[in-house]
Amino acid sequence: MPEGQMALLDPDRIAVALGNPQVRASSQATVEMADSSSMTSGSSVSAANLVSMFQVNATSLVGSLNANWRVVTPGAVFVFNLQDYGLAGGL
């Protein structure tokens, strides 16, 4: 969702399919150690404190869940611009 937009969903008009949750252990991962999330992904994160699980002889837990959804009937999703409602700075 681009910054400055918001979406409202009618859950009764959206079909959702969820897979089986999976949790596994891994010692071959690099994780960002932070007290709070930067809410940014990729190389734009500056001064990230990355820790190699292999180098520090540690194990991390990896959780995943496959999900898919589809709009069942028209009008189930409404996207609007926050600036149109005087919320230019966000919520």
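For residue 72 and residue 31, what is the calculated FRET efficiency with R₀ set at 41 Å and r taken between the beta-carbons, to the nearest 0.05? Don't skip to the answer; put the middle values down first.
Details: r = 38 Å, r/R0 = 0.93.
Efficiency, from the Cβ-Cβ distance: 0.60.
Can you give me the distance in nm between label points at residue 60 and residue 22, each placed 7 Å from the Cα along the Cα-to-Cβ direction?
The two pseudo-label positions are separated by 1.7 nm.
The numbers here are math on the coordinates, done by the rules we state, and not lab data. Source: prediction; values computed, not measured. Here the Cβ is made from the backbone with ideal geometry for all residues, glycine too, and neighbour counts use every protein chain on show.
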